[in-house]
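Report on the following structure.
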Amino acid sequence: MNTMQGFIDEAEQALLHTYNRYQVVFDKGEDVYLYDIEGKKYLDFVSGIAVFALGYHNEAYNNALKEQIDKLIHTSNYYYNVPAVEAAKKLKAVSGMDRVFFTNSGTEAVEGAIKTARKYAYLKDGSTDHEIIAMNHSFHGRTMGALSVTGNAHYREPFEPMIGNIRFADLNDFESVASQVTDKTCAILFETVQGEGGVHPATKEFMEKVRALCDERDILMMLDEIQCGMGRTGTMYAWQRYGIKPDVMATAKGLGCGVPVGAFLMTEKVGAASLVPGDHGTTYGGNPLVCAAVCKVLELFEELDVLANVQKVGAYLEKRLDEVATEFTCVQERRGTGLLQGLVFDQPVGDIIKRAMDKGLVLINAGTDIIRFVPPLVIRETHVDDMIAILRECIAQTEGERK
Ligand SMILES: *Cc1c(COP(=O)(O)O)cnc(C)c1O
(Lines give C-alpha, C1' and ligand atoms only; values in the text may rest on other atoms or scores of the structure.)
Protein backbone atom coordinates (compact mmCIF):
# COMPACT_ATOMS: atom_id res chain seq x y z
CA MET A 1 0.00 0.00 0.00
CA ASN A 2 2.65 2.48 -0.99
CA THR A 3 0.23 4.80 -2.72
CA MET A 4 -0.41 8.22 -1.30
CA GLN A 5 -4.06 7.43 -0.65
CA GLY A 6 -3.05 4.29 1.24
CA PHE A 7 -0.93 6.27 3.66
CA ILE A 8 -3.56 8.94 4.04
CA ASP A 9 -6.20 6.33 4.91
CA GLU A 10 -3.88 4.78 7.49
CA ALA A 11 -3.07 8.19 8.92
CA GLU A 12 -6.75 8.96 9.36
CA GLN A 13 -7.13 5.77 11.41
CA ALA A 14 -4.24 6.56 13.74
CA LEU A 15 -3.81 10.30 14.18
CA LEU A 16 -6.04 12.53 16.25
CA HIS A 17 -8.18 14.68 14.01
CA THR A 18 -6.77 18.09 14.82
CA TYR A 19 -5.90 19.16 11.28
CA ASN A 20 -7.70 19.32 7.96
CA ARG A 21 -4.66 18.13 6.09
CA TYR A 22 -3.90 18.59 2.42
CA GLN A 23 -4.06 15.23 0.64
CA VAL A 24 -0.34 14.82 0.16
CA VAL A 25 2.41 12.77 1.81
CA PHE A 26 5.79 14.46 1.54
CA ASP A 27 8.79 12.21 1.36
CA LYS A 28 11.93 14.27 0.83
CA GLY A 29 13.19 17.74 0.13
CA GLU A 30 15.92 19.31 -1.95
CA ASP A 31 16.77 23.03 -1.86
CA VAL A 32 13.41 24.83 -2.20
CA TYR A 33 11.53 21.80 -3.54
CA LEU A 34 9.57 19.03 -1.86
CA TYR A 35 8.77 15.60 -3.32
CA ASP A 36 5.78 13.47 -2.39
CA ILE A 37 6.01 9.69 -2.07
CA GLU A 38 4.87 9.25 -5.66
CA GLY A 39 7.77 11.38 -6.87
CA LYS A 40 5.85 14.56 -7.75
CA LYS A 41 7.89 17.75 -7.30
CA TYR A 42 6.58 20.87 -5.53
CA LEU A 43 7.98 24.38 -5.26
CA ASP A 44 7.72 25.23 -1.57
CA PHE A 45 6.54 28.69 -0.48
CA VAL A 46 5.71 27.55 3.04
CA SER A 47 8.97 25.99 4.35
CA GLY A 48 7.14 24.08 7.07
CA ILE A 49 5.56 27.40 8.13
CA ALA A 50 8.60 29.65 8.25
CA VAL A 51 10.88 26.94 9.61
CA PHE A 52 13.15 25.53 6.91
CA ALA A 53 14.92 28.83 6.25
CA LEU A 54 17.96 27.25 4.62
CA GLY A 55 15.95 25.03 2.31
CA TYR A 56 15.97 21.26 2.40
CA HIS A 57 18.92 18.92 2.47
CA ASN A 58 21.55 21.53 3.27
CA GLU A 59 24.66 19.40 3.50
CA ALA A 60 26.55 21.46 6.10
CA TYR A 61 23.49 21.57 8.34
CA ASN A 62 22.79 17.84 7.97
CA ASN A 63 26.42 16.95 8.67
CA ALA A 64 26.51 19.08 11.82
CA LEU A 65 23.50 17.17 13.13
CA LYS A 66 24.95 13.79 12.18
CA GLU A 67 28.21 14.58 13.98
CA GLN A 68 26.37 15.67 17.10
CA ILE A 69 24.21 12.54 17.06
CA ASP A 70 27.35 10.41 17.21
CA LYS A 71 28.75 12.50 20.06
CA LEU A 72 25.91 13.30 22.46
CA ILE A 73 22.21 13.85 21.81
CA HIS A 74 20.92 14.70 25.23
CA THR A 75 22.04 15.53 28.71
CA SER A 76 20.15 17.26 31.49
CA ASN A 77 20.15 21.00 32.05
CA TYR A 78 21.73 20.22 35.41
CA TYR A 79 24.98 20.01 33.44
CA TYR A 80 26.59 22.27 30.86
CA ASN A 81 27.02 21.23 27.25
CA VAL A 82 29.21 22.85 24.62
CA PRO A 83 26.64 23.34 21.80
CA ALA A 84 24.24 25.13 24.19
CA VAL A 85 26.95 27.54 25.32
CA GLU A 86 27.96 28.23 21.73
CA ALA A 87 24.37 28.63 20.59
CA ALA A 88 23.54 31.01 23.44
CA LYS A 89 26.61 33.15 22.69
CA LYS A 90 25.75 33.34 19.01
CA LEU A 91 22.11 34.13 19.76
CA LYS A 92 23.11 36.93 22.11
CA ALA A 93 25.38 38.36 19.42
CA VAL A 94 22.72 38.43 16.69
CA SER A 95 19.90 39.64 18.95
CA GLY A 96 21.68 42.08 21.25
CA MET A 97 19.83 40.49 24.16
CA ASP A 98 21.70 39.30 27.27
CA ARG A 99 20.15 36.10 28.63
CA VAL A 100 18.86 33.02 26.81
CA PHE A 101 16.59 30.17 27.89
CA PHE A 102 16.16 27.38 25.31
CA THR A 103 12.74 25.73 24.89
CA ASN A 104 11.38 22.99 22.62
CA SER A 105 8.85 25.11 20.77
CA GLY A 106 7.47 28.55 20.17
CA THR A 107 4.58 28.20 22.55
CA GLU A 108 6.96 27.27 25.36
CA ALA A 109 9.05 30.35 24.63
CA VAL A 110 5.90 32.44 25.12
CA GLU A 111 5.13 30.58 28.37
CA GLY A 112 8.60 31.50 29.57
CA ALA A 113 8.10 35.14 28.63
CA ILE A 114 4.81 35.26 30.55
CA LYS A 115 6.39 33.72 33.64
CA THR A 116 9.29 36.16 33.39
CA ALA A 117 6.92 39.13 33.32
CA ARG A 118 4.87 37.91 36.26
CA LYS A 119 7.95 37.15 38.35
CA TYR A 120 9.56 40.50 37.52
CA ALA A 121 6.44 42.32 38.72
CA TYR A 122 6.03 40.03 41.74
CA LEU A 123 9.53 40.84 42.94
CA LYS A 124 8.72 44.55 42.75
CA ASP A 125 5.52 44.63 44.82
CA GLY A 126 4.87 41.10 46.12
CA SER A 127 1.38 41.00 44.66
CA THR A 128 -0.04 38.26 42.43
CA ASP A 129 -2.66 40.04 40.36
CA HIS A 130 -0.57 41.50 37.55
CA GLU A 131 -1.98 42.02 34.09
CA ILE A 132 -0.64 41.46 30.60
CA ILE A 133 -1.82 43.39 27.56
CA ALA A 134 -1.90 41.35 24.35
CA MET A 135 -3.32 42.11 20.89
CA ASN A 136 -6.46 41.15 19.04
CA HIS A 137 -5.73 38.84 16.08
CA SER A 138 -2.48 37.71 17.65
CA PHE A 139 -1.21 34.14 17.70
CA HIS A 140 1.17 32.95 20.39
CA GLY A 141 0.71 29.18 20.54
CA ARG A 142 -1.53 26.40 21.81
CA THR A 143 -0.51 25.75 25.43
CA MET A 144 -2.72 27.33 28.07
CA GLY A 145 -0.59 30.39 28.83
CA ALA A 146 0.17 31.20 25.20
CA LEU A 147 -3.46 30.52 24.30
CA SER A 148 -4.56 32.96 26.98
CA VAL A 149 -2.72 35.80 25.22
CA THR A 150 -3.84 34.73 21.74
CA GLY A 151 -6.31 37.29 20.42
CA ASN A 152 -8.72 34.90 18.77
CA ALA A 153 -11.78 33.94 20.83
CA HIS A 154 -12.49 30.98 18.56
CA TYR A 155 -9.22 29.30 19.63
CA ARG A 156 -9.70 30.13 23.32
CA GLU A 157 -13.35 29.62 24.11
CA PRO A 158 -13.65 25.81 24.33
CA PHE A 159 -10.70 25.73 26.71
CA GLU A 160 -11.73 28.41 29.17
CA PRO A 161 -10.97 29.42 31.81
CA MET A 162 -7.75 30.94 30.53
CA ILE A 163 -5.03 32.25 32.81
CA GLY A 164 -6.44 35.45 34.25
CA ASN A 165 -5.70 39.13 33.95
CA ILE A 166 -5.13 39.36 30.21
CA ARG A 167 -6.43 42.45 28.42
CA PHE A 168 -6.63 42.81 24.65
CA ALA A 169 -5.86 45.87 22.57
CA ASP A 170 -5.34 46.51 18.84
CA LEU A 171 -1.98 46.36 17.11
CA ASN A 172 -1.00 49.77 15.71
CA ASP A 173 -3.63 51.54 17.78
CA PHE A 174 -1.56 53.00 20.59
CA GLU A 175 -4.54 54.57 22.35
CA SER A 176 -6.21 51.17 22.63
CA VAL A 177 -3.10 49.91 24.41
CA ALA A 178 -2.61 52.96 26.63
CA SER A 179 -6.24 52.83 27.72
CA GLN A 180 -5.78 49.26 29.02
CA VAL A 181 -2.76 50.10 31.18
CA THR A 182 -3.33 49.99 34.94
CA ASP A 183 -1.07 49.94 37.99
CA LYS A 184 -1.14 46.15 37.62
CA THR A 185 0.17 45.96 34.05
CA CYS A 186 3.41 43.96 33.97
CA ALA A 187 3.87 43.42 30.25
CA ILE A 188 2.73 44.40 26.76
CA LEU A 189 3.11 41.48 24.38
CA PHE A 190 2.81 41.41 20.60
CA GLU A 191 4.22 40.00 17.39
CA THR A 192 6.40 42.52 15.56
CA VAL A 193 4.64 41.28 12.45
CA GLN A 194 1.41 39.39 13.12
CA GLY A 195 1.66 36.13 11.17
CA GLU A 196 -1.36 33.82 11.56
CA GLY A 197 -3.55 36.85 12.25
CA GLY A 198 -3.16 38.09 8.67
CA VAL A 199 0.38 39.42 8.10
CA HIS A 200 0.18 42.81 9.83
CA PRO A 201 3.50 44.56 10.52
CA ALA A 202 3.65 46.86 13.55
CA THR A 203 4.18 50.48 12.57
CA LYS A 204 7.28 52.38 13.67
CA GLU A 205 5.11 54.86 15.53
CA PHE A 206 3.35 52.10 17.46
CA MET A 207 6.64 50.43 18.40
CA GLU A 208 8.15 53.71 19.58
CA LYS A 209 5.13 54.73 21.61
CA VAL A 210 4.81 51.34 23.31
CA ARG A 211 8.53 51.44 24.09
CA ALA A 212 8.20 54.89 25.68
CA LEU A 213 5.13 53.84 27.66
CA CYS A 214 6.91 50.72 28.93
CA ASP A 215 9.95 52.77 29.96
CA GLU A 216 7.82 55.30 31.77
CA ARG A 217 5.84 52.70 33.76
CA ASP A 218 8.49 49.95 34.10
CA ILE A 219 6.31 47.59 32.06
CA LEU A 220 8.07 44.85 30.07
CA MET A 221 7.86 45.17 26.30
CA MET A 222 7.73 41.57 25.05
CA LEU A 223 7.94 40.73 21.37
CA ASP A 224 6.96 37.41 19.81
CA GLU A 225 9.43 36.96 16.94
CA ILE A 226 8.67 33.28 16.47
CA GLN A 227 7.46 33.72 12.90
CA CYS A 228 8.82 37.12 11.85
CA GLY A 229 12.27 36.66 13.40
CA MET A 230 15.33 34.72 12.22
CA GLY A 231 15.89 36.85 9.16
CA ARG A 232 12.42 36.56 7.68
CA THR A 233 11.92 40.30 7.22
CA GLY A 234 15.50 41.09 6.22
CA THR A 235 16.99 41.77 9.65
CA MET A 236 17.82 38.99 12.07
CA TYR A 237 14.92 40.06 14.26
CA ALA A 238 12.11 42.17 12.87
CA TRP A 239 12.29 44.67 15.76
CA GLN A 240 15.82 45.57 14.72
CA ARG A 241 14.43 47.70 11.89
CA TYR A 242 12.62 50.00 14.30
CA GLY A 243 15.46 51.49 16.36
CA ILE A 244 14.03 50.16 19.62
CA LYS A 245 14.75 47.07 21.69
CA PRO A 246 12.32 44.85 23.63
CA ASP A 247 12.89 43.72 27.23
CA VAL A 248 11.93 40.14 26.45
CA MET A 249 11.57 38.31 23.15
CA ALA A 250 10.53 34.86 21.94
CA THR A 251 12.07 33.05 18.98
CA ALA A 252 11.60 29.58 17.44
CA LYS A 253 10.54 28.31 13.97
CA GLY A 254 13.60 29.22 11.84
CA LEU A 255 15.93 29.03 14.84
CA GLY A 256 16.66 25.33 14.45
CA CYS A 257 15.55 24.99 10.82
CA GLY A 258 13.62 21.82 11.53
CA VAL A 259 14.69 20.47 14.90
CA PRO A 260 12.34 21.46 17.73
CA VAL A 261 13.91 24.42 19.45
CA GLY A 262 12.84 27.86 20.59
CA ALA A 263 14.11 30.36 23.12
CA PHE A 264 13.08 33.31 25.17
CA LEU A 265 15.64 36.04 25.66
CA MET A 266 15.82 39.06 27.90
CA THR A 267 17.97 42.00 28.83
CA GLU A 268 20.32 41.80 31.79
CA LYS A 269 18.03 44.11 33.74
CA VAL A 270 15.14 41.65 33.46
CA GLY A 271 17.34 38.57 33.81
CA ALA A 272 18.74 39.84 37.10
CA ALA A 273 15.29 40.52 38.56
CA SER A 274 13.02 37.66 37.50
CA LEU A 275 13.51 33.91 37.16
CA VAL A 276 15.89 32.15 39.60
CA PRO A 277 16.80 28.47 40.16
CA GLY A 278 13.63 26.48 40.74
CA ASP A 279 11.37 28.91 38.86
CA HIS A 280 11.56 27.34 35.43
CA GLY A 281 13.01 24.32 33.68
CA THR A 282 12.77 21.82 30.84
CA THR A 283 14.09 18.31 30.27
CA TYR A 284 14.84 18.59 26.57
CA GLY A 285 15.17 22.34 26.08
CA GLY A 286 18.57 23.33 24.73
CA ASN A 287 19.93 19.81 24.47
CA PRO A 288 23.20 19.26 22.54
CA LEU A 289 21.46 18.05 19.37
CA VAL A 290 19.15 21.02 18.88
CA CYS A 291 21.82 23.50 19.95
CA ALA A 292 24.27 22.04 17.42
CA ALA A 293 21.55 22.83 14.87
CA VAL A 294 21.15 26.40 16.16
CA CYS A 295 24.92 26.95 15.97
CA LYS A 296 25.11 25.70 12.40
CA VAL A 297 22.04 27.69 11.35
CA LEU A 298 23.52 30.93 12.69
CA GLU A 299 26.87 30.13 11.04
CA LEU A 300 25.21 29.44 7.70
CA PHE A 301 23.17 32.63 7.92
CA GLU A 302 26.48 34.49 7.83
CA GLU A 303 28.23 32.29 5.32
CA LEU A 304 25.35 32.41 2.84
CA ASP A 305 24.55 36.06 3.60
CA VAL A 306 20.94 35.08 4.12
CA LEU A 307 19.84 38.55 5.27
CA ALA A 308 21.06 40.17 2.04
CA ASN A 309 19.18 37.53 0.05
CA VAL A 310 15.97 38.18 1.99
CA GLN A 311 16.28 41.93 1.37
CA LYS A 312 16.85 41.43 -2.35
CA VAL A 313 14.40 38.62 -3.10
CA GLY A 314 11.90 39.94 -0.56
CA ALA A 315 11.73 43.24 -2.45
CA TYR A 316 11.26 41.33 -5.70
CA LEU A 317 8.51 39.14 -4.23
CA GLU A 318 6.80 42.28 -2.98
CA LYS A 319 6.89 43.84 -6.44
CA ARG A 320 5.57 40.72 -8.18
CA LEU A 321 2.77 40.30 -5.62
CA ASP A 322 1.83 43.96 -6.04
CA GLU A 323 1.40 43.26 -9.76
CA VAL A 324 -0.91 40.35 -8.95
CA ALA A 325 -2.89 42.56 -6.58
CA THR A 326 -3.38 45.09 -9.38
CA GLU A 327 -4.21 42.49 -12.02
CA PHE A 328 -7.02 40.62 -10.26
CA THR A 329 -10.16 42.20 -8.85
CA CYS A 330 -10.54 39.49 -6.19
CA VAL A 331 -7.19 40.50 -4.68
CA GLN A 332 -7.59 43.46 -2.38
CA GLU A 333 -4.05 44.15 -1.24
CA ARG A 334 -0.59 42.86 -0.46
CA ARG A 335 0.81 43.21 3.07
CA GLY A 336 4.05 42.26 4.74
CA THR A 337 7.80 42.71 4.72
CA GLY A 338 10.67 40.69 3.29
CA LEU A 339 9.79 37.04 2.90
CA LEU A 340 6.72 37.24 5.12
CA GLN A 341 4.01 38.40 2.74
CA GLY A 342 0.26 38.10 2.50
CA LEU A 343 -2.20 38.57 -0.37
CA VAL A 344 -5.63 39.58 0.85
CA PHE A 345 -8.60 38.25 -1.15
CA ASP A 346 -12.28 39.17 -1.05
CA GLN A 347 -13.15 35.47 -0.66
CA PRO A 348 -11.79 32.29 0.98
CA VAL A 349 -8.49 31.15 -0.51
CA GLY A 350 -8.79 27.40 0.11
CA ASP A 351 -9.63 26.72 -3.56
CA ILE A 352 -6.65 28.61 -4.88
CA ILE A 353 -4.28 26.83 -2.50
CA LYS A 354 -5.66 23.41 -3.55
CA ARG A 355 -5.28 24.28 -7.23
CA ALA A 356 -1.69 25.40 -6.59
CA MET A 357 -0.96 22.10 -4.86
CA ASP A 358 -2.21 20.23 -7.93
CA LYS A 359 0.15 22.31 -10.06
CA GLY A 360 3.13 21.61 -7.80
CA LEU A 361 3.21 24.75 -5.67
CA VAL A 362 2.87 24.66 -1.89
CA LEU A 363 1.15 27.71 -0.37
CA ILE A 364 -0.57 28.37 2.94
CA ASN A 365 -3.30 30.62 4.21
CA ALA A 366 -3.37 33.03 7.16
CA GLY A 367 -7.01 33.16 8.18
CA THR A 368 -9.61 32.26 5.55
CA ASP A 369 -9.07 35.08 3.05
CA ILE A 370 -5.30 35.54 2.96
CA ILE A 371 -2.58 33.59 1.19
CA ARG A 372 0.66 33.75 3.13
CA PHE A 373 4.08 33.51 1.49
CA VAL A 374 6.83 32.23 3.80
CA PRO A 375 9.35 30.52 1.51
CA PRO A 376 12.82 29.30 2.49
CA LEU A 377 15.06 32.35 2.97
CA VAL A 378 17.48 31.07 0.32
CA ILE A 379 14.84 31.41 -2.40
CA ARG A 380 15.88 33.18 -5.62
CA GLU A 381 14.11 35.45 -8.09
CA THR A 382 13.52 32.66 -10.61
CA HIS A 383 11.59 30.74 -7.95
CA VAL A 384 9.45 33.81 -7.36
CA ASP A 385 8.76 33.99 -11.10
CA ASP A 386 7.80 30.30 -11.20
CA MET A 387 5.53 30.75 -8.18
CA ILE A 388 3.84 33.85 -9.62
CA ALA A 389 3.13 32.08 -12.93
CA ILE A 390 1.32 29.23 -11.16
CA LEU A 391 -0.43 31.57 -8.75
CA ARG A 392 -1.80 33.70 -11.61
CA GLU A 393 -3.19 30.61 -13.35
CA CYS A 394 -4.88 29.49 -10.14
CA ILE A 395 -6.42 32.88 -9.40
CA ALA A 396 -7.59 33.24 -13.00
CA GLN A 397 -9.31 29.84 -12.85
CA THR A 398 -10.99 30.65 -9.56
CA GLU A 399 -12.12 34.06 -10.87
CA GLY A 400 -13.37 32.41 -14.05
CA GLU A 401 -15.61 30.07 -12.08
CA ARG A 402 -17.02 32.96 -10.10
CA LYS A 403 -18.28 34.75 -13.21
C1 LIG B 1 4.09 29.39 15.31
C2 LIG B 1 3.97 30.49 16.29
C3 LIG B 1 3.92 30.27 17.66
C4 LIG B 1 3.87 28.88 18.26
O5 LIG B 1 5.02 28.13 17.98
P6 LIG B 1 4.97 26.54 18.15
O7 LIG B 1 6.39 26.10 17.89
O8 LIG B 1 3.99 26.01 17.16
O9 LIG B 1 4.54 26.25 19.54
C10 LIG B 1 3.88 31.36 18.49
N11 LIG B 1 3.88 32.62 18.02
C12 LIG B 1 3.95 32.86 16.70
C13 LIG B 1 3.98 34.28 16.23
C14 LIG B 1 3.97 31.82 15.78
O15 LIG B 1 4.00 32.08 14.47
- What the 20 Å binned alpha carbon P(r) of the chain shows, as percent of pairs per bin from 0, is 27, 58, 15, 0
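Give, in nm to one decimal, the length gained when the segment between Arg392 and Asp125 is fully stretched (0.36 nm per residue of separation minus the Cα-Cα distance).
Values: separation 267, 0.36 × 267 = 96.12 nm, distance 5.79 nm.
So the extension gain works out to 90.3 nm.
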- If unit charges are put on Cβ atoms (+1 for Lys and Arg, -1 for Asp and Glu) and the dipole of the chain is taken about its Cα centre, the option from Gly400, Ala187, His200 lying farthest towards the positive end turns out to be Ala187
- Message: Can you give the Rg/Rh ratio of the range 343-382, where Rg is from the C-alpha atoms and Rh is the Kirkwood radius?
- Response: 1.01
- Note on the structure: Phi angles of the range 10-20, converted by Karplus (6.51 cos²θ - 1.76 cosθ + 1.60, θ = phi - 60°) into ³J(HN,Hα) in whole Hz with x for Gly and Pro, give 4, 4, 5, 7, 10, 8, 5, 7, 10, 9, 8
- When the accessible area of the chain is split by element with a 1.4 Å probe, what percent falls to carbon and sulfur? 52
- Note on the structure: the range 304-328 and the range 201-242 have their Cα centres apart by a whole-number Å value of 22
- Task: Report the calculated FRET efficiency for Arg241 and Thr3 (r = Cβ-Cβ distance, R0 = 45 Å), to the nearest 0.05.
- Result: 0.40
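Relative to the present Cα-Cα distance, how much length would full extension add between Glu160 and Ala325 at 0.36 nm per residue of separation?
Working: separation 165, 0.36 × 165 = 59.40 nm, distance 3.95 nm.
Length difference between fully extended and current span is 55.5 nm.
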- Query: Taking the inverse of the average 1/r across all pairs of different Cα atoms in the range 1-133, what Kirkwood radius in Å do you get?
  - Reply: 19.5
- Compute the distance in nm between two label points, each set 7 Å from the Cα along the Cα-to-Cβ direction, one at Tyr22 and one at Lys184. 4.5
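Considering only protein heavy atoms, what per residue accessible area in square angstrom results for the chain with a 1.4 angstrom probe?
In whole numbers, the chain has 45 Å² accessible per residue.
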- Message: Using the crude model of +1 on Lys and Arg Cβ and -1 on Asp and Glu Cβ, and no other charge, please compute the dipole size for the chain relative to its Cα centre, in debye to 20.
- Response: 560
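Give the peptides 274-286, 53-65, 102-114, 340-352 in descending order of average Cβ contacts within 10 Å, highest first. Don't jump to the answer; show the numbers that get you there.
Working: 274-286: 14.8, 53-65: 18.2, 102-114: 26.1, 340-352: 19.8.
Going from most to least packed, we get 102-114, 340-352, 53-65, 274-286.
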- Item | Paramagnetic reach from Asn77 (point 7 Å along Cα→Cβ, amide N under 17 Å) across the range 96-128 | 98-120
- Message: Given R₀ = 56 Å, what would the calculated FRET efficiency be for Ile69 paired with Glu175, taking r from the Cβ atoms and rounding to 0.05?
- Response: 0.60
- Note on the structure: So, with points 7 Å from each Cα along the Cβ direction, the Lys92-Glu216 label distance in nm works out to 3.3
- Item | Computed over the range 20-74, Cα set: Rg, Dmax in Å | 13.5, 39
- Given a cut-off of under 8 Å on Cα pairs at least six residues apart, what relative contact order in percent is computed for the range 1-142? 11
- Hey, what number do you get for the chain at 222 nm if only DSSP H runs of n ≥ 4 count, each worth -39500 (n - 2.57), divided across all residues, to the nearest 500? -12500 deg cm²/dmol
- Query: To the nearest 0.05, how large is the calculated FRET efficiency for Tyr316 and Lys359 if R₀ is 25 Å and r is the Cβ-Cβ distance?
  - Reply: 0.75
- Query: Across bins of 5 angstrom width beginning at 0, how are the C-alpha pair distances of the range 314-403 distributed, in whole percent?
  - Reply: 3, 15, 28, 30, 18, 5, 1, 0
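The values are calculated or read from the model by the stated rules, or taken from the named source; none is laboratory data. If you're wondering where the values come from, they're calculated on a predicted model, not measured in any experiment. Note that we place each Cβ from the backbone using ideal geometry, even for glycine, and neighbour counts take in every protein chain shown. The area values use the complete protein model at the heavy-atom level, side chains included, leaving out ligands, DNA and RNA. Shrake-Rupley method; radii C 1.70, N 1.55, O 1.52, S 1.80 Å.
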